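Here's the structure we're looking at; comments come further down.
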Amino acid sequence: MPLYMDIHQLRGGETAEDVAHAHELDLKTQDKYNVVYEKYWFNDKVGKIFCLARAPSVEAAVRVHREAHGQVAEKVIEVDPELSDSFMGLGETNPAGAVVFSGTGVPDPGVRTIVFTDIVDSTALTQKLGDDAAMEVLQVHDSIVRAAIAAAAGHEVKHTGDGIMASFASAAAAVKAAIAIHSELRSHCESNKRAPFKVRIGAAAGEPVERNSDLFGSTVQLASRLCSSASPEQVLVSTAVAELCLGKGLRFQDIGEIELKGFDYPVRAHAVAWES
């Protein structure tokens, strides 16, 4: 059956226990409509819930909510199971069905930070070094980036050819992974001067269901454009990422509003201060 994710705007004052009870009512009702509500994310700070369900149709999933407790989602989208796992991670669920951070029991709010890496001037690098040496460069990049993603509990979404797209549950973890990537690459290139190269990184944070009825649609676009606008060895992040990192010991330089391709308005960007 197709996999759907829906978004609910809380009416105000609902607790984790209230949401767990509503999910329990879904489970008691779902068989009637051949639906399986698998798990949910609870973001009490912004008053939203994201539910993941397998259903024969959107209408069937909506009927379960309507009959079980009357709290119908404002938006429902169909998602690719592999993409859902890549963006959201497999995660742990507590007995109530809520996704929680591993080992903490704290509810996962469902917000994700999307990160793009990009090898600077990769085409020119291939022409200069040749195909074999350029492939070695890509392998070094992939190894360092994937190690940083894994260490920060992130998930690789896809390889872009000359970079990697990844998803993180924690904005601070995403930024620390980006810093680790630049640091490790610089150390590698200082000891391997035959084929030095640099990377640019961009990051943006958002909710799973956004405009254009896509999983992290606008957040992915923003992260990609910030990456394209970053200088070599720079990490450019959105305001949402910088705000989510408050109190985490990370430093940012507000570089003001910048024009990004595909965006109708200037976007404020922040550069991560990663060099000591």
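Only the coordinates and a few stated rules stand behind these numbers; no lab work does. What you see is a predicted model, and the numbers here were worked out from it, not measured in a lab. Neighbour counts are summed over all protein chains in view; Cβ atoms, including those assigned to glycine, are modelled from backbone coordinates with ideal geometry.
Structural remarks
- Distance violations [Cα-Cα > 24 Å] among 193/261; 39/75; 45/75; 75/176; 176/198; 158/198: 193/261; 75/176
- Fraction of beta bridges assigned by DSSP in region 1-119 that are antiparallel (%, nearest 5): 95 percent
- Positive minus negative residues near residue 89 (Lys, Arg vs Asp, Glu; Cβ under 9 Å): -1
- The mean sequence separation of alpha-carbon pairs under 8 Å and at least six residues apart, normalised by the residue count of the chain, gives a relative contact order of 15 percent.
- Relative to the longest principal axis of the Cα atoms of the chain, helix 217-229 runs at roughly 10 degrees.
- Residues 48, 28, arranged from fewest to most other Cβ atoms within 10 angstrom of their Cβ, appear as 28, 48.
- Residues considered: 239, 104, 123. Largest GNM mean-square fluctuation over the chain, using C-alpha springs under 10 Å, is found at 104.
- Building the convex hull from the alpha-carbon atoms of the chain and averaging its projection over directions returns 16.0 nm².
- The length gained on full extension between residue 268 and residue 33, counted as 0.36 nm times the residue separation minus their Cα-Cα distance, comes to 80.0 nm.
- Net dipole in debye of the chain [+1 Lys, Arg Cβ; -1 Asp, Glu Cβ; about Cα centre; nearest 20]: 420 debye
- Local net charge near residue 54, Cβ-Cβ under 12 Å (Lys/Arg +1, Asp/Glu -1): -1
- For region 112-272, averaging the sequence separation of C-alpha pairs within contact (under 8 Å, six or more residues apart) and dividing by the residue count gives a relative contact order of 24 percent.
- Relative contact order for region 49-181, counting Cα pairs under 8 Å that sit 6 or more residues apart, in percent: 23 percent
- Modelled FRET efficiency - R0 30 Å, residue 151 with residue 72, Cβ distances, 0.05 increments: 0.15
- Net charge over other residues, Cβ less than 12 angstrom from the Cβ of residue 238 (K, R count +1; D, E count -1): -1
- Look at where the Cα atoms of region 78-156 and of region 26-53 average out, and the two centres are 26 Å apart.
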